[in-house]
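Inspection log for the structure reproduced underneath, given as structure tokens.
Bear in mind these aren't lab numbers, they're just calculated from the coordinates by the rules spelled out. Since the model is a prediction, treat every value here as computed from it, not as a measurement. Cβ placement follows ideal geometry from the backbone for every residue including glycine, while neighbour counts extend to all protein chains displayed.
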Amino acid sequence: MTFPQGRSARAWAALAGAALLLFAVAPLALSDFRLGLFAKYLCIAMVAVGICLAWGRGGLLTLGQGVFFGLGGYAMAMHLKIADAGPGNLPDFMQLYGTATELPWWWRPFANPVVALAATVLLPMAVAALLGSFVFRRRVKGAYFAILSQALAAAFALWLIGQQATTGGTNGLTDIQGFFGYDLDDPVNQRTVYFIIAAALLLLIVVARQLIHSRYGELLVAVRDSEERVRFLGYDPANVKLVAYVVAAGMAGLAGALFVPAVGIISPAMIGIVPSIEFVVGAAVGGRASLAGAVLGAVGVAWARTALSEEFPAAWTYFQGLLFVVALAFLPGGIASLAGTVRRRRADRRGTTALTTGEAA
């Protein structure tokens, strides 16, 4: 796979600049508390990378990414709760809410760290593959696909709430203290978690860029723009869309898994309809067709949410909604399209001026 030399060089230079900011500037400029918040924002940006691939390139409005984020988060949290409890003991919430004397059968595999780590990515991908195969082969698309994915997020959150004895119910899995043997109360270990998250984000950006600029990426755009023509050429659009959907689910699952040690909790409130919409809002504001735009938009919207909630606790949601409406009303392609929009308008003015001058002559 090859890229035009200039474009590739610019992309690698931008990636190097991002690495410098994430690994050198941010740890020095931010306090431990703010760095922990930034780690949370980067997890949201990881979800936005998958949305950029599935929605920005493939036209799949994924309003249910909270499901895959939650699957990865709960897989990681289950292992960490088992590890915190110690050999032969039940997690604390099971002792408080449940009547079981041993781990439920579906918890037991997550006691193995290898199984748990694999499940954070493979479980969301498997669910996405199952759902996507059912949906895409029946040619469900557009608003119907968006509503279906959102309904899945609502159903998953309700199921978690109803299983209080085994999932913690509304509270979720809380008070996670360790991360593979390291104490999360130690600021040094918290910084290590941040560096892992930053490295994972950069890796996902590289993977997504490779896919976008590959032959598959071109085929994905073709399916988005003219599905019937692609089918006439001998390709199955369902398989093309399925790959993007599954990869985006895996990215969301990894983001959820890393979100748990960064925040210390995972609950249904973090994975339902509202969080799923917020994932999409961040990518849309930044620019869903641009990896850099989607990442920066996700981080910016998450930061704005924190800042506005601190200043205006009762009204921050209105400001967040206004930000989304204004951005899409004036820049449908997101903030990333601003430079291109300005260039086009300047070119149109020059063309109009030249035409007027020619007519006058």
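Just one of the listed residues (M78, M94, M125) is of a type outside the set (F, W, Y), closer than 30 Å to G58 by Cβ and either in contact (Cβ under 8 Å) with a residue 24 or more places away in the chain or surrounded by fewer than 16 Cβ atoms within 10 Å (Cβ to Cβ) (or both), and it is M125.
Listed conditions (1) more than 20 Å from L331 (Cα to Cα); (2) touching a Leu at 6+ places or on another chain (Cβ under 7 Å); (3) hydrophobic (A, V, I, L, M, F, W, C) are all met by V274, apart from (2).
For the range 97-114, a residue qualifies if it is over 32 Å from the mean Cα position of the chain (by Cα) and free of Cβ contacts under 8 Å to residues at least 12 places away in the same chain, and exactly one does: T101. Remark: R305 falls outside the filter, which requires a residue to be crowded, with 20+ Cβ neighbours inside 10 Å, basic (K, R) and outside any helix (DSSP H, G or I). Looking only at residues of the range 110-122 that are under 21 Å from S276 (Cα atoms) and hydrophobic (A, V, I, L, M, F, W, C), we find that the one that is surrounded by the fewest Cβ atoms within 10 Å (Cβ to Cβ) is L122. The set of residues from the range 135-167 being part of a helix (DSSP H, G or I), surrounded by 14 or more Cβ atoms within 10 Å (Cβ to Cβ) and not hydrophobic (A, V, I, L, M, F, W, C) comprises S149, Q150, Q164, T166, T167.
Of all residues in the range 83-134, those being hydroxyl-bearing (S, T, Y), more than 17 Å from A249 (Cβ to Cβ) and assigned to a helix (DSSP H, G or I) number 1. Here G293 qualifies as buried (at least 20 other Cβ atoms within 10 Å of the Cβ) and over 23 Å from I196 (Cβ atoms). Just one of the numbered conditions (1) more than 29 Å from A289 (Cα to Cα); (2) more than 25 Å from the chain's Cα centre (by Cα) is not true of R138: (1). T170 meets each of the listed conditions (1) farther than 21 Å from G253 by Cβ; (2) assigned to a helix (DSSP H, G or I) apart from (2).
So which of L60, L42 is among the hydrophobic types (A, V, I, L, M, F, W, C), buried (at least 24 other Cβ atoms within 10 Å of the Cβ) and not in a helix (DSSP H, G or I)?
Working: L42 fails: not in a helix (DSSP H, G or I).
One residue alone meets the criteria, L60.
Report yes if N171 is surrounded by fewer than 20 Cβ atoms within 10 Å (Cβ to Cβ) and in contact (Cβ under 8 Å) with a residue 24 or more places away in the chain, otherwise no.
Numbers: surrounded by fewer than 20 Cβ atoms within 10 Å (Cβ to Cβ): yes; in contact (Cβ under 8 Å) with a residue 24 or more places away in the chain: yes.
Judged against the criteria, N171 is a match.
Restricting attention to the range 119-136, which residues are within 13 Å of G70 (Cα to Cα) and in contact with a Pro (Cβ under 9 Å, 6 or more places away or on another chain)? Across the range 119-136, the qualifying residue is only A119.
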